[in-house]
Amino acid sequence: MTAKEEKTIIEATVVFPRRSDGALLFAKKTMKIGEGCWNGYGGGKEGAETIEETAVRELEEESGLVARVEDLEKIAVLRVYNHKSDGRVVFTLVHFYVAKNCLGEVRETPEMITPTWFQPEDIPLNELMPADRYWLPQALDGKKLVVTVHYGPYQQELLEPVEIEVVEDFERCVDRSPVPTEQMR
């Protein structure tokens, strides 16, 4: 048996495509962060791309859907403190979006299987990552949120209550300066 990987990403995205009837696309993660959970499509920044370019690229790679940056609506920013099994704490900033007007045919990929459209009231909250059930319904209801999450190793459990702040403007509340990649405790 191989050891489970503890992935380290410093800035990432998650995108939920939205159809005109309001349904949102989720898929089951097969590996890495969120393995076994329903989730949106996303991943870490590469090179000099903007976070919005990351969102568009990851959506296409993982779902086959094509979106434009101007069709992304930011719904939340998560400040995630990942407590690793070796005692390190790694900070990750995760930008969540809803994407409208996506083109293409949805497909499964090795990382994302069983793509399924859910109306917001039918999302299986208890099958999402542990923190998402607390904030995602509010964000999908139109609130802009900054959320602070403390996960234990492998993001399987919450170590502290989820902190949710409703904001008017993401630019004023999210520090865009470089963040330390690791903080030793």
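The values are calculated or read from the model by the stated rules, or taken from the named source; none is laboratory data. All values derive from a computational prediction rather than experimental measurement. Reconstructed Cβ throughout: ideal geometry from the backbone, glycine too, with neighbour counts over all protein chains shown. Surface accessibility is based on the protein's heavy atoms, side chains included, excluding ligands, DNA and RNA. Shrake-Rupley method; radii C 1.70, N 1.55, O 1.52, S 1.80 Å.
For the chain, what does -39500 (n - 2.57) per DSSP helix run (n ≥ 4), summed and divided by total residues, give at 222 nm, in deg cm²/dmol to the nearest 500?
-4000 deg cm²/dmol
Taking only protein heavy atoms and a 1.4 Å probe, what accessible area per residue, in Å², does the chain have with all protein chains in place?
52
Across segment 64-141, how large is the tail of the calculated P(r) beyond 17 Å, expressed as a percent of all Cα pairs?
Above the 17 Å cut-off, segment 64-141 has 62 percent of its Cα pairs.
Could you run the Karplus curve 6.51 cos²θ - 1.76 cosθ + 1.60 with θ = phi - 60° over segment 112-122 and give me ³J(HN,Hα) per residue in whole Hz, x for Gly and Pro?
Result, ordered by residue: 10, 10, 6, x, 9, 8, 10, 5, x, 6, 9 Hz.
Once label points are set 7 Å from the Cα along Cα→Cβ at both residue 30 and residue 108, what is their separation, rounded to one decimal in nm?
Reported label-point gap for residue 30 and residue 108 is 0.7 nm.
Would you work out the charge dipole size for the chain about its Cα centre, treating the Cβ of every Lys and Arg as +1 and the Cβ of every Asp and Glu as -1, and quote it to the nearest 20 debye?
For the chain, the charge dipole is close to 260 debye.
Quick check on the chain: of the DSSP beta bridges with both residues there, what percent are antiparallel, nearest 5%?
70
Within the set 29/144; 45/74; 32/84; 28/100, which residue pairs have Cα atoms separated by over 23 Å?
29/144
For segment 6-68, what is the charge dipole size about the Cα centre, in debye to the nearest 20, if Lys and Arg each add +1 at the Cβ and Asp and Glu each add -1 at the Cβ?
Approximately 260 debye in magnitude.
Among 94-102, 61-69, how do they line up from the highest to the lowest mean number of other beta-carbon atoms within 10 Å?
Highest-to-lowest ranking by the protection proxy: 94-102, 61-69.
May I ask what percent, to the nearest 5, of DSSP beta bridges between residues of segment 70-178 are antiparallel?
70
For residue 81, project a label point 7 Å along Cα to C-beta. Then give me every residue of segment 111-135 with its amide nitrogen under 15 Å of that point.
none
Please report the equivalent ellipsoid semi-axes of the chain, computed as sqrt(5 x eigenvalue) of the Cα gyration tensor, largest first, in whole Å.
Semi-axes (√(5λ), whole Å): 24, 19, 17.
Specify which residue in the list 148, 50, 12 is farthest towards the positive end of the charge dipole of the chain, using unit charges on the beta carbon of Lys, Arg (+1) and Asp, Glu (-1), about the Cα centre.
It is 148.
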